[in-house]
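The block underneath contains the structure these notes are about, expressed in structure tokens.
The values are calculated or read from the model by the stated rules, or taken from the named source; none is laboratory data. Fair warning: this is a prediction, and the values are worked out from it, not measured in the lab. Here the Cβ positions follow ideal geometry from the backbone for every residue, glycine too, while neighbour counts run over all protein chains shown.
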Amino acid sequence: MKKEKYIYIMVSATFTKVGKMVRFATKSTYSHASISFSANMDKLYSFGRFYHCMPFIGGLVSETLNRFTLKSAKRVNIKIFKVPVTKEQFYAAYNRVQEIAADDEYAYNLVSAATFCVKHGVERYKTYVCSEFVSHILRIARPDLASDKPDCKVQPDDFTVLLKDYEIYDGALASYDKFIDIENEEYFRKFSKFTQFMQTCGFIYRRYLHFVTDASGEEMRRNKLE
């Protein structure tokens, strides 16, 4: 089948504390992965935090390139891959992202992130880390390029091997010709320490404790019906 469209996958070495810890713990070059469906990459999709000041509250996010600079002049290294796909593959992948976006039960896979050094990735119901999500979408778009590993065990560095034939940029984010420094006020929104604490506790309870209990109960109910 003729490849008529492209998806764009970017890996980055972010300067967040979490990003630095990930690279240190895994001895990797990159700590984040995102996917875009447009050539100018004005919108990237990934799983990450909703607000910079609250690293434990996250899910599917729509990112802009300037989000990764953290309003600083520090060099952020990235690699970008332009992957050819058919129209059918493109829309299958895009529609899957929109399906996840429309389901507010999806959340960031905190358990996998917190235990990665020991477990090397844990699959959990309706949760992803960034590279797990991108691997999932790549598997839909180009199953021939997907990793042999389960999605939950894929790291950002793995894409540099899987997609090496499709690399179109390697260097500083600020030097990339599509980079536009658009202010992302919502991501950098400030909250008081008390609000951060209360929102984090509420989010963890709703998405990981209460929700997991409900999901387990639903699974048991389905098994009974079968």
Of the residues Tyr30, Tyr91, Tyr108, only one is more than 25 Å from Leu173 (Cβ to Cβ) and in contact with a Lys or Arg (Cβ under 9 Å, 6 or more places away or on another chain); which? Tyr91
Does any residue in region 10-22 that is within 20 Å of Tyr176 (Cα to Cα) and surrounded by 15 or more Cβ atoms within 10 Å (Cβ to Cβ) come within less than 6 Å, Cβ to Cβ, of a residue that is at pLDDT below 75 and not polar (S, T, N, Q) six or more places away or on a different chain, and which pairs are these? Phe15/Leu70; Phe15/Lys74
Scanning region 100-141 residue by residue, the ones that are assigned to a loop (DSSP other than H, G, I, E, B) and of a type outside the set (Lys, Arg) total 13
One residue from Ser36, Ser46 being under 29 Å from Lys193 (Cα atoms) and crowded, with 21+ Cβ neighbours inside 10 Å: Ser46
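Residue by residue, here is whether (1) touching a helix residue (DSSP H, G or I) at 6+ places or on another chain (Cβ under 6 Å); (2) among the acidic types (Asp, Glu); (3) at pLDDT 95 or above; (4) under 20 Å from Tyr166 (Cα atoms) holds:
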| residue | (1), (2), (3), (4) |
| --- | --- |
| Phe37 | yes, no, yes, yes |
| Asn40 | no, no, no, yes |
| Arg49 | no, no, no, no |
| Phe56 | yes, no, no, no |
| Val61 | no, no, no, no |
| Ala93 | yes, no, yes, yes |
| Val111 | no, no, no, no |
| Lys119 | no, no, no, no |
| Tyr125 | yes, no, no, no |
Can you confirm whether Ala215 is modelled with pLDDT of 85 or more, surrounded by 12 or more Cβ atoms within 10 Å (Cβ to Cβ) and of a type outside the set (D, E, K, R)? no
Which pairs turn up if I take residues in region 56-70 that are under 24 Å from Lys193 (Cα atoms) and touching a residue at least 24 places away in the same chain (Cβ under 8 Å) and look for partners that are surrounded by fewer than 19 Cβ atoms within 10 Å (Cβ to Cβ) and among the charged types (D, E, K, R) with beta carbon separation below 7 Å, at least 6 apart in sequence or on another chain? Ile57/Arg49; Gly58/Arg49
Taking region 69-89 as the search range and keeping residues that are assigned to a helix (DSSP H, G or I) and not acidic (Asp, Glu), which one is surrounded by the fewest Cβ atoms within 10 Å (Cβ to Cβ)? Lys87
When Val129 is evaluated against the numbered criteria (1) free of Cβ contacts under 8 Å to residues at least 60 places away in the same chain; (2) on the phi < 0 side of the Ramachandran plot; (3) crowded, with 18+ Cβ neighbours inside 10 Å, which criterion, by number, is the only one it fails? (1)
Looking only at region 158-176, filter to residues that are modelled with pLDDT under 95 and farther than 12 Å from Ile80 by Cα; which one of those is surrounded by the most Cβ atoms within 10 Å (Cβ to Cβ)? Ala174
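Do the conditions hold for Ile180, that is, is it modelled with pLDDT under 95, closer than 18 Å to Ser34 by Cβ and buried (at least 19 other Cβ atoms within 10 Å of the Cβ)? Step through it out loud before you land on a result.
Details: modelled with pLDDT under 95: yes; closer than 18 Å to Ser34 by Cβ: yes; buried (at least 19 other Cβ atoms within 10 Å of the Cβ): no.
No: the conditions fail for Ile180.
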Which residue out of Ala25, Ala33 is in contact with a helix residue (DSSP H, G or I) (Cβ under 7 Å, 6 or more places away or on another chain), part of a helix (DSSP H, G or I) and in contact (Cβ under 8 Å) with a residue 60 or more places away in the chain? Ala25
Those residues of region 43-90 which are more than 15 Å from the chain's Cα centre (by Cα) and more than 20 Å from Ala141 (Cα to Cα), in sequence order: Cys53, Met54, Asn66, Thr69, Leu70, Lys71, Ser72, Ala73, Lys74, Arg75, Val76, Asn77
